[in-house]
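Enquirer: Before I ask anything, let me first share the structure, which is written out below as structure tokens.
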Amino acid sequence: MSEVRYKLHPISALINFLKGLKELILPFVIIFGANLFRGGGIGGMFSEGWQGLLPLIIGGVVLLFMLIAGIIKWKRFVYWFEDGELRIEYGLFIKKKRYIPFERIQSLNYTEGIFHRPFGLVKVKVETAGSGKAGQAEAELTAIYRAEADRIEQEMHMAKRGYQQQAVVEDESALYGPVQAAVPAQPEEEIETRILYRMSLKELLMLATTSGGIGVVISGVALFLSQFAELIPYDAIYDEVMIFMRFGYLVVALTVFAGLLLAWIISVAMTLIAYYQFTIHADDERIYITRGLLEKKKVSVPFKRVQGIKMTQNPLRQLFGYVAVTVESAGGTLADKDEKIRLFPLVKQRAMKPVLEELFPEFDWSPELERLPKRSRPFFYRLSIAWLIPAFAALGYFFYPYGLWALVAVPVIILMGLWQHRSAGYATTGRQLTAQFRGVSLYRYYMMKKRIQVIAVTRTIFQRRRDVASVHATIKSGMLGATALIPHLARENAEDILAWYEPSGQRQTDPDDEHMKNPQPNEIG
């Protein structure tokens, strides 16, 4: 292994400075905005002498400090390879060292921002099985040349192959005595990947329209305006709105439509920037996902870390036959937060299946689901109505007779519950559990038995009377895991799932078996 120390590109100092500045944008806007709106504006700040310029002086000192901190962080950051580890050292007054064994590294995720591309640089995030807090990477190299990133990947592959060869030698030595040492691994050629899927413009537009991005834009504008609540002249705005209302409902409706159209255009633009040229590549060991216009991201997902697959359809997407597919992976995220990796942000169901069959041939993608019994229907709406009875009573009493219109929600809740009951189901095919359930959106989980961490079966007092139970199957995913729910299925079906999950793969089904007559508390509560 090389012991040569490598440094980041000098542009890292600027990126570190801008990263710190990004966190101070809102405080700066509030402070300087408040001073601009007070009497005299900018001219008033200069007319008050040094006291009026105090906000500018403090802001300038903060910016200078952040710039110096960014330069120091770049100057003191070095990394190298030694003893099968990626070693990193950084810090000025408190020097920190981080040693990451290559065998623990799950993926190297690349990002090319607007400051990286002109210089041929990438940002590298090192992901391990237990990466960081709240989904943070184990280590981050802010800006290095692409060739240096490839060198890290080569060192990682060489080290992992060396570990595998050493393990084989040790096993053979234990069986047959001493054998010749393994030949050191040589640098491997670049692995060729095959393109499996590229997102179309039509799918991008559908993703932007059905993803709730319009609500995000509107809420973002509202949050920004809320920071200046004390400066907004609400009385004057109210008077202007009342004058505007006199032009008629058609003009008001057109104005609202124009605002929503503008929000949709912004949402589409944000989606295009985030998912531009979304492409799925794969080789024998990993899935590679690349996307982005201004900031190009590349994330790799090792096949051996995939714990399960989740499909999601909201009612609008289900109507048009679209589905979103998420990879539930143990370790590795797409962002600094604990964000799940989207294998397909949005795709037609008929185009999705061939790609999944090629990537995960061990899964059964068309299982025949076992539906829920009719006796479980009331559980899907009875509790929701019970919680709302006090609200209905209060509205009917204080706002009689108009408050009685709240009762219209009762048939809506019942119809929604019946829809949830009809949508739910499960299947156990070989070594795979498939679970489907609905909130408002429809969720379907595909999980291999060996990846399931725990299966819990719960029964309330009311469920006991109807002889039903709920099953929760949990797999590792991100920081908190992912849980598939099979709600209110027949008790005997819940027992079948437990029997399927047991290591023996079977359970005694003799009707005289006391274990079946009196289930243990840890299996069925």
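The values are calculated or read from the model by the stated rules, or taken from the named source; none is laboratory data. Fair warning: this is a prediction, and the values are worked out from it, not measured in the lab. All Cβ positions, even for glycine, are placed from backbone atoms using ideal geometry, and neighbour counts span all protein chains on display. Areas reflect the complete protein model, heavy atoms only, side chains present, ligands, DNA and RNA absent. Shrake-Rupley method; radii C 1.70, N 1.55, O 1.52, S 1.80 Å.
Enquirer: Which sequence of GLU155, GLU127 reflects their accessible areas, 1.4 Å probe, from the largest down?
Expert: Most to least solvent-accessible, the answer reads GLU155, GLU127.
Enquirer: Separate question: Can you bin the range 261-385 into rounded, prolate or oblate? Criterion: square roots of the alpha carbon gyration tensor eigenvalues sorted a ≥ b ≥ c, rounded for a/c under 1.5, prolate for a/b above b/c, oblate for the rest.
Expert: Working: a/c = 1.95, a/b = 1.29, b/c = 1.51.
Since a/c reaches 1.5 but b/c is at least a/b, the shape of the range 261-385 is classed as oblate.
Enquirer: Which trypsin sites (Lys or Arg not before Pro) in the range 258-363 sit in a loop by DSSP (not H, G, I, E or B) and have at most 15 other Cβ atoms within 10 Å of their own Cβ?
Expert: LYS337
Enquirer: Still on this structure, I have one more. THR428: accessible area at probe 1.4 Å, nearest 10 Å²?
Expert: 60
Enquirer: With all protein chains present and a 1.4 Å probe, how do ASP83, ASP496, ASP283 order by accessible area, largest first?
Expert: Largest to smallest exposure gives the sequence ASP83, ASP496, ASP283.
Enquirer: Could you rank PHE17, PHE344 by how accessible they are, 1.4 Å probe, largest area first?
Expert: From most exposed to least exposed: PHE17, PHE344.
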